[in-house]
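Worksheet for the structure shown next.
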There are 2 protein chains.
Amino acid sequence: MKALIVYAHPEPHSMNAALKDAAVGLLQHHGVAVQVSDLYAQHFQPVASRDDFLQMENPKRLGYSHEQRHAAAGRRFSADIIAEQDKVAAADLLIFQFPLWWYSVPAILKGWADRVLSHGFAFTNELVFERGMLRGRRAMISVTTGGSAEELQADRRYTGTMDEFLKPFSGGVLRFVGLEVLPPHIAYAVATMDAEGRTRQIDTYRTMLRSALAT
Amino acid sequence: MKALIVYAHPEPHSMNAALKDAAVGLLQHHGVAVQVSDLYAQHFQPVASRDDFLQMENPKRLGYSHEQRHAAAGRRFSADIIAEQDKVAAADLLIFQFPLWWYSVPAILKGWADRVLSHGFAFTNELVFERGMLRGRRAMISVTTGGSAEELQADRRYTGTMDEFLKPFSGGVLRFVGLEVLPPHIAYAVATMDAEGRTRQIDTYRTMLRSALAT
């Protein structure tokens, strides 16, 4: 089995880093080959543009999805996109480790989806959801929040719930390309968590990963 | 009255560009002073990092929100953030013009929110929603989609509705900082729109903007 962790946090001493490291350790312990796309360390460039294509079908007018479709046929994407697509293609399990920023994924991770999960690689007009091109793989979100569980589970303070805020990425992006999405790991209120709370949270995450591996 | 259009599309011949230009024209015709943040043309850098702070309160460990709070007091943000914050502060009306990519805003616009709408500038722990620091201003989303109105309004094909997909940005980000959010302008299925359809859509948008100015 192979796993890819797409990790989007700038700080090596963060809870996100600790969760990413815990996942690497646990997966390797269970014989899983793990790759990490450390988007900050890679200086991943998240802005979709004409530079993403080695050759454009219509250089006069950038139709991004249109160019993706043409580029996918001959793998004529920029090298950074090809590298990420190859990692995705090789993985049985994709884990997304990120902090919830502004009700969503950080820009660097949004750009990973915009550029890497391209038309012709991850889906076509016909191949979506159950027939999406990444079907047969599973995906799991592991997210940290500033808000507390009380606030974010029951629509207090933030005008909505975590389910709603994660839906565009998990129910949308990930399922659209055919991934089977596992229940998310959510670490609430990490900024005010003490060392013991962190350890407990990491244990919870390990348990979730173990049960994902067992099924 | 002053307006700021935050515009996130790479192609000058796109429907998004036409809508942005239509808004500039109409607003100026009505005596509104318009600024445009053309994020692609500005090469706006969307990745939140320690480079966003001229001086860090804790250089050993990046706590992004924590550093934002400290930077806001003395405007110790990088120059590109200050420039955007000044445009926001000066505006009575904020318009966000973007294509719906992967159920959400493009990465370059997500990064604008991550970096510009900072703790201490747009909100504090106490000053959120009705008390948000950008209160007294109005905001409007103008978004284009690939999917059709039939698909996106009634939960067909995409497992959800436009209301749900726009909620994290409009009901979340924009309202959290105190903005009064006007009904969105949504141009569906723009890739397959002919010239006449485009003209009609731009007229619809103009009508919405006129009615926003009249109230």
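The values are calculated or read from the model by the stated rules, or taken from the named source; none is laboratory data. Not measured: the values here are computed from a predicted model. Here Cβ is always computed from backbone atoms with ideal geometry, including for glycine, and neighbour counts include all displayed protein chains.
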Tell me yes or no: at least one residue of the stretch B:122-132 is more than 11 Å from every other protein chain (Cβ to nearest Cβ), touching a residue at least 60 places away in the same chain (Cβ under 8 Å) and either more than 13 Å from the chain's Cα centre (by Cα) or outside any loop (DSSP other than H, G, I, E, B) (or both).
no
Only one of these conditions is not met by A:Gln68: (1) crowded, with 19+ Cβ neighbours inside 10 Å; (2) over 24 Å from B:Leu100 (Cα atoms); (3) among the polar types (S, T, N, Q); (4) within 14 Å of another protein chain (Cβ to nearest Cβ). Which number is it?
(2)
Scan the stretch B:147-154 and give yes if some residue there is more than 9 Å from chain A (Cβ to nearest Cβ), at pLDDT 95 or above, buried (at least 21 other Cβ atoms within 10 Å of the Cβ) and not in a loop (DSSP other than H, G, I, E, B), otherwise no.
no
Long-range neighbours under 8 Å by Cβ, at least six apart or interchain, first residue without any contact (Cβ under 8 Å) to a residue 24 or more places away in the chain and among the acidic types (Asp, Glu) within the stretch A:57-70, second part of a loop (DSSP other than H, G, I, E, B) and surrounded by 17 or more Cβ atoms within 10 Å (Cβ to Cβ):
A:Glu67/A:Met56
Conditions: (1) at pLDDT 95 or above; (2) in a helix (DSSP H, G or I). A:Ala139 meets all but one. Number of the miss?
(2)
The one condition B:Phe77 fails out of (1) under 18 Å from the mean Cα position of the chain (by Cα); (2) within 13 Å of B:Ser118 (Cβ to Cβ); (3) surrounded by 18 or more Cβ atoms within 10 Å (Cβ to Cβ); (4) not β-branched (Val, Ile, Thr) is (1)
Could you go through the stretch B:183-206 and let me know if any residue there is within 30 Å of B:Asn125 (Cβ to Cβ), within 14 Å of chain A (Cβ to nearest Cβ) and in contact with a Ser or Thr (Cβ under 6 Å, 6 or more places away or on another chain).
no
Identify the single condition in (1) over 16 Å from the mean Cα position of the chain (by Cα); (2) on the phi > 0 side of the Ramachandran plot that A:Ala195 does not satisfy, given that it satisfies every other one.
(2)
So in the stretch B:15-41, with the set limited to residues that are free of Cβ contacts under 8 Å to residues at least 12 places away in the same chain and within 14 Å of chain A (Cβ to nearest Cβ), which one is farthest from B:Val190 (Cα to Cα)?
B:Ala41
Of all residues in the stretch B:43-62, which are facing another protein chain (nearest Cβ under 7 Å) and surrounded by 15 or more Cβ atoms within 10 Å (Cβ to Cβ)?
B:Pro46, B:Val47, B:Ala48, B:Ser49, B:Leu62
Number of the exception - A:Pro106 against (1) in contact (Cβ under 8 Å) with a residue 40 or more places away in the chain; (2) facing chain B (nearest Cβ under 8 Å); (3) surrounded by fewer than 23 Cβ atoms within 10 Å (Cβ to Cβ)
(3)
The conditions are (1) closer than 21 Å to B:Leu166 by Cβ; (2) more than 12 Å from chain B (Cβ to nearest Cβ); (3) not β-branched (Val, Ile, Thr), and A:Gly136 fails exactly one of them. Which is it?
(1)
Within the stretch B:21-42, which residues are under 20 Å from B:Val105 (Cα atoms) and surrounded by 13 or more Cβ atoms within 10 Å (Cβ to Cβ)?
B:Asp21, B:Ala23, B:Val36, B:Ser37, B:Asp38, B:Leu39, B:Tyr40, B:Gln42
